Amino acid sequence: MRFGWSEDQLAFRDAARDLLSKECGPDVVRTAWEGAPDPKPWSSLEAMGVLSVLVPEADGGLGLDETFLVPVLEEAGRAALPQPITDTAMVAASLGVTGSVVVTDLGGPIVGSADTADGFLLAVDGGVALFDADQVEREPVTTVDRSRHAARIRATGPGRTVTDDASEVAAARDRGALGTAAELVGLADQMLAITVDYVGERQQFGKPIGSFQAVKHHLANARVAIEFAGPAVARAAWSIAEGADTASRDASMAKYLANEAAAESAKVALQCHGAIGYTVECDLHLYLKRSWALRRLWGDSDHHVDRVAGVLFE
Amino acid sequence: MDLNWTAEQDANRAEARQWLELNLAEWRSEIGEQLSGDTADGVAQQMLWEQRLFDGGWSVVSWPTEYGGRGGSLWEWLIFEAEYWRAGAPQRVTQNGIQILSPSVFEFGTPEQKDHLLPRMASAEDLWCQGWSEPNSGSDLASVSSRARRVDGGWILDGQKTWTTRGAFCTHLFGLFRTDPESSRHRGLTYLLVPLDTPGVTVRGFGRLDGDEGFAEVFFDEAFLADDAVVGGVVLGEVDQAWSVVVAAAGTERGLLRPPGRYLATSAELIRLIASVDGDRSLRRRAAIAWMKAEAFDLQTLRVITSLLDGGDLGSESSLSKIWWSELDIELHAIAMDALGAAAEIDDEWSKGWQFALSGPIYAGTNEIQRNIVAERVLGLPR
Ligand SMILES: Cc1cc2nc3c(=O)[nH]c(=O)nc-3n(C[C@H](O)[C@H](O)[C@H](O)COP(=O)(O)OP(=O)(O)OC[C@H]3O[C@@H](n4cnc5c(N)ncnc54)[C@H](O)[C@@H]3O)c2cc1C
């Protein structure tokens, strides 16, 4: 028994955190709101091997498992990396599909980075097929989080069948839930960190607002939610990597607790900022809006609670 | 990351499970109807149980064998606790000594104190209660005003403690007394070990919310506490330096005091209850959420133990756990009350558990105080 990331996993995560803090600050996320996202952080992550953690070494990947990828996805969440990294690095890679930006509709009908993706992994009758950019029709949608560049996708060509095995599709969905849960934990932590900084500086009544107990308790609640969501995500990564019988249940538990932690953190972050948080000028909104989107992708809280209840009361 | 137990740990678990099953059955047939551990007759029953635990070598799994322990690791402790609660074994009457006092004895006690106090605590020969709170000092513990005045050969104690859990059934009290009359707040307090049969000490038990005599108030009326009233001495740590002991003890009371097995066991019972009353989707969903929170507490504990074994320490993070388990306990029991419907008002295990759960956010430092600690010490917000 050992519940903690290994030295290697931590080093890999820290390298990603470092890279993202340099190359994917809020200004870079804002760029993606205005137009095409800056490709740099994505290509740096690609060069680091993040996108091919789950790809076998024989196929040019790192040949590692979810316990390496999940800590990095938390960092991607923290940075609100515009591209859908869970789609590419977690879901597509595990199905043996590689490509620079591969997106999928397995997690929901509104697909991110639809304008720049070069691969589309779409649910087809009983399975999943891969389509090139010229084999799909995009119906762009304007999302609250503009950096998502999302669209509804319809296949126009035959595509290539990736799997028609229902259990593989289900496993891909579990991975999507896990990857998104990791991003949400990172986002929750980021929103809390931004707010802790803010309430330490902002003064009212002659003192920092962070010294007021009501503010403290709001932020403590977010910290508590994150404290207990993190281990659930880590456990699900391990269960999926090991092919444990409980993998699906554990993925649902991770997504549920991460959803709730992100919801709590988003709520108190906005409240403790006051009006400045209620603007698009303050960076907070970049992370808020991403968290709202991710909470509903790959199954919302209701969906995952039902899945867990189904196992417990079977 | 490796969430598999070793073959040896699996064997520990099997051994504990088997022992508990057999001994609980024997103990139950010995005592007849099991009474509440917060009544005199119930404590007498539980002393028989404590004796069995000690004789079987399971009283204090993680203590060194020289003090009556099993010499097990924190993992073995965790495994035993999970089995303990799973088996439906009773809450320990030795709990406050073993969980709140003993870590301080290990850290601050002299060799003589350790040799004397620990084995007697493990075997329930001495039953310890916690004398921290006073009528005017609850959350603001540093304001305690019970005094100990130095005299030849000992101390004269004056003042009052209250909310003392099971005080009416215990033999000894560990408490905070102001020894420097000039001092204020957390300076000038001394951690004293007091036999409750000391002349001038009066204990009055009284009812908690469920009516059982689980609380006591303890009066000190010019009571003379001789230096040798406890073998090894009555002062734990240094005179006037109790606060460092309190801070260390409070961490364990909040954090590892509560083994997650307890909530896993309650959530398993809740799931059985809901299945047995054919509970609807809404109840099942609420139970699934509470079960996830119990699991999350278990996982977080695994994480904390891993980092303790790596040389980390249990810091203010224990406040995060305390908030979580106390609110979880209420949630679990509230769902059970709703599942029981009209039967919820019957005075039974569930309603007793519900009433006890309600005290979780109050004792061991209220959850408001814990949230202050999280904000100030974990998040670093200004005071
Ligand atoms: C079941 C049970 C068992 C107990 N067993 C023991 C025992 O064995 N030994 C022992 O010594 N004590 C024991 N206690 C006492 C316990 O430690 C105290 O109840 C606790 O410290 C709170 O003190 P208080 O009850 O005086 O409440 P108060 O301190 O008066 O608090 C009342 C309310 O005010 C809030 N409050 C107070 N100060 C602040 C603040 N700074 N910020 C925000 N809110 C604040 C509290 O959170 C609470 O909601 C027990 C209590 C219970 C319920």
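Side notes on the structure shown:
- Convex hull volume per residue in cubic angstrom - Cα atoms of chain B: 151
- Cβ-based charge dipole, the protein assembly as shown, positive-most Cα from A:Ile85, A:Ala188, B:Ala14: A:Ala188
- Of the accessible area of the stretch B:7-93, computed with a 1.4 Å probe over protein heavy atoms only, carbon and sulfur atoms account for 50 percent.
- Solvent-accessible area lost in complex, 40 Å² minimum, residues of the stretch A:204-242 relative to chain alone, 1.4 Å: A:Lys216, A:His217, A:Ala220, A:Arg223, A:Val224, A:Glu227, A:Phe228, A:Pro231, A:Arg235, A:Trp238
- Estimated from helical segments only, the mean residue ellipticity of chain A at 222 nm is -18000 deg cm²/dmol, where each DSSP H run of four or more residues counts as -39500 (n - 2.57).
- For the stretch B:258-378, the solvent-accessible area with a 1.4 angstrom probe is 38 square angstrom per residue.
- Interface residues of the stretch A:3-29, defined as those with an accessible-area decrease of at least 50 Å² between the chain by itself and the complete set of protein chains (probe 1.4 Å), are A:Phe3.
- The angle between the Cα long axis of helix B:261-276 and the main principal axis of chain B comes to about 40°, on a 0 to 90 degree scale.
- Coarse-grained scattering of the stretch B:124-163 at q = 0.16, 0.22, 0.23, 0.27 Å⁻¹, given as base-10 log I(q)/I(0) from a Debye sum over alpha-carbon atoms: -0.52, -0.78, -0.81, -0.89
- The three principal axes of the C-alpha atoms in the stretch B:156-255 carry coordinate ranges of 38, 35, 27 Å, sorted with the longest axis first.
- Over the stretch A:86-166, accessible surface divided per residue gives 42 Å², non-protein components excluded, 1.4 Å probe.
- Between A:Leu270, A:Leu184, A:Leu288, the residue with the greatest mean-square fluctuation in the GNM of chain A (Cα pairs under 10 Å linked by springs) is A:Leu270.
- Subset of A:Lys216/A:Lys267; A:Lys255/B:Lys322; A:Lys40/A:Lys267; A:Lys22/A:Lys267; A:Lys40/A:Lys289 violating a 20 Å alpha-carbon distance limit: A:Lys255/B:Lys322; A:Lys40/A:Lys267; A:Lys22/A:Lys267; A:Lys40/A:Lys289
- Computed on chain A, with alpha-carbon pairs under 8 angstrom and 6+ residues apart, the relative contact order is 16 percent.
- Using every pair of separate Cα atoms, the Kirkwood estimate puts the hydrodynamic radius of the stretch B:258-378 at 15.3 angstrom.
- With all protein chains in place and a 1.4 Å probe, the accessible surface of chain A carries 49 percent carbon and sulfur.
- The eigenvalues of the Cα gyration tensor, multiplied by 5 and square-rooted, give the stretch B:7-93 an equivalent ellipsoid with semi-axes of 23, 14, 10 Å from largest to smallest.
- Remark: mean inter-chain Cβ contacts per residue of B:314-325 equal 2, using a 10 Å Cβ-Cβ cutoff to other protein chain atoms.
- Mean projected area (nm²) of the alpha-carbon convex hull when the stretch A:171-314 is viewed from all directions: 8.9
- Cysteines without a disulfide-compatible neighbour (Cβ-Cβ under 4.7 Å), the protein assembly as shown: A:Cys24, A:Cys272, A:Cys282
- Interface residues in the stretch B:1-34 - accessible area drops by 50 Å² or more relative to the isolated chain, probe 1.4 Å: B:Met1, B:Leu3
- For chain A, the Kirkwood hydrodynamic radius from C-alpha pairs, put into Stokes-Einstein at 20 °C and a viscosity of 1.002 mPa s, yields a diffusion coefficient of 109 µm² per second.
- Once the 1.4 Å probe is applied to the protein heavy atoms, the stretch B:150-191 comes out at 39 Å² accessible per residue.
- The base-10 log of I(q)/I(0) for the protein assembly as shown, evaluated at q = 0.05, 0.07, 0.10 Å⁻¹, reads -0.29, -0.55, -1.01 [Debye formula, identical scatterers on Cα atoms, solvent excluded].
- The B-A contact accounts for approximately 4200 Å² of buried accessible area, totalled over both chains at a 1.4 Å probe radius.
The values are calculated or read from the model by the stated rules, or taken from the named source; none is laboratory data. Every value quoted in this text rests on a predicted model; they were computed, and no experiment measured them. Virtual Cβ from ideal backbone geometry, glycine too; neighbours counted across all protein chains shown. Side chains included, ligands, DNA and RNA excluded: accessible areas come from the protein's heavy atoms. Shrake-Rupley method; radii C 1.70, N 1.55, O 1.52, S 1.80 Å.
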